[in-house]
Amino acid sequence: MSVPRLRVPKTAKKGEVITIKSLIEHPMESGFRKGPDGKMVPRMIINKFTASFNGKQFFGANIQPSVSANPYIEFDAKIDADGTFDFAWTDDKGVVTKAQAKITVAAA
Amino acid sequence: MLTDLSRRSALKATGLVAGASILPALPALAAPDTVAVAMDAIKKLTGGKEPVKGKIKLNLPQIAENGNTVPLGVTVDSPMTVDSHVEEITVFVTKNPLPIAIAFLFTPESGKAEASTHIRLAGTQDVIAVAKMSDGTFCIDTKNCKVTIGGCGG
């Protein structure tokens, strides 16, 4: 799978709620589509997304074939301390794509 | 083999419904089926509890030119504290082959009960968002989206 694209602020104030945007390139083959040979194209999607901060999951998504190709997910996180975000996308074959981002709490 | 079977049963069913003309009856046949499946899926999630309106807001364009990628956003008015937060927002689609599009899982550390994504819509349909609160209650919002080009292969 491709390298996921992320937009995470580098700094935040203590207690601030930040918005994170994520996008990963993936065909998200729904399993309901016929290929050029007239046969159904087998389902192959990303079915799970998780976002953790300092090792604790704070957001996740269970994804179904109704989500568009190159799944884009936007969500929020409340920042109380410096730390590292871990993002993970899992596909139907069990392949996990991971990404990381760091954030520091700026003195207010 | 599988496609053969479904076509045969579909033809048989249209014969029962309309008899005279097959073509106009086909969309009518497909519609109540998936809607019922979606409603059943909502009931399964809420465990028979009646979800209340308000609090949750589903953002969806009224008209989508391309059903392959329709921007969708959900927001729930919640303080997101340990005692009172949103646990899950599930998005149901009433005319796609599968009833659930996506489920967002939240924790108090999410800060806001807000998420966006892009979904596929097979045709003009109602999209329903159901939020599960930490106190066991449910909120619901429904939006209709007119789709000019469907987005599930086809």
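The values are calculated or read from the model by the stated rules, or taken from the named source; none is laboratory data. Computed from a predicted model, the values in this text were never measured in an experiment. Positions of Cβ are backbone-derived with ideal geometry, glycine not excepted, and every protein chain shown enters the neighbour counts. Note: areas computed on protein heavy atoms with side chains; ligands, DNA, RNA excluded. Shrake-Rupley method; radii C 1.70, N 1.55, O 1.52, S 1.80 Å.
Can you tell which of B:PHE138, B:THR117, A:ILE18 lies farthest toward the positive end of the dipole of the protein assembly as shown, using +1 and -1 charges on the Cβ of basic and acidic side chains (Lys, Arg; Asp, Glu)? The Cα lying farthest towards the positive end belongs to B:THR117. Placing a pseudo-label 7 Å from each Cα along the Cα-to-Cβ vector at B:GLN62 and A:VAL105 gives an inter-label distance of 4.5 nm. Given the pairs B:LYS43/B:LYS132; B:LYS57/B:LYS132; A:LYS56/B:LYS143, which span a C-alpha to C-alpha distance of over 24 angstrom in this model? Over 24 Å apart, Cα to Cα: A:LYS56/B:LYS143.
Given a 1.4 Å probe and the protein chains as shown, B:THR34 ends up with an accessible area of around 40 Å². Debye calculation, C-alpha points only, no solvent: report log10 I(q)/I(0) for the stretch A:5-105 at q = 0.22, 0.25 Å⁻¹, in the same order as the q values. The Debye formula, applied to the Cα set alone, gives -1.09, -1.31. Could you list, in their original order, any pairs among A:LYS34/A:LYS98; A:LYS98/B:LYS112; A:LYS21/A:LYS102 whose Cα atoms are separated by more than 22 Å? Beyond 22 Å: A:LYS34/A:LYS98; A:LYS98/B:LYS112. Using only side-chain charges placed at the Cβ, +1 for Lys and Arg and -1 for Asp and Glu, the dipole size of the protein assembly as shown relative to its Cα centre rounds to 440 debye. About the centre of its Cα atoms, the stretch A:2-80 shows a dipole size close to 80 debye [charges on the beta carbon of Lys, Arg (+1) and Asp, Glu (-1) only; nearest 20 debye].
Reported value for the protein assembly as shown: 146 Å³ per residue, from the convex hull of its C-alpha atoms.
Which of B:SER78, A:THR84, B:GLY67 sits farthest toward the positive end of the charge dipole of the protein assembly as shown, with +1 on the Cβ of Lys and Arg and -1 on the Cβ of Asp and Glu? Working it through, the farthest residue towards the positive pole turns out to be B:GLY67.
Diagonalising the gyration tensor over the Cα atoms of the stretch B:52-116 and scaling each eigenvalue by 5 before taking the square root yields semi-axes of 25, 12, 11 Å, largest first. Across the stretch B:91-114, the residues whose backbone nitrogen lies under 12 Å from the label position 7 Å along the beta-carbon direction of B:LYS44 are B:98-101.
Inter-chain neighbour count for A:29-36: the average number of beta-carbon atoms from partner chains within 10 Å of each residue's beta-carbon is 3.
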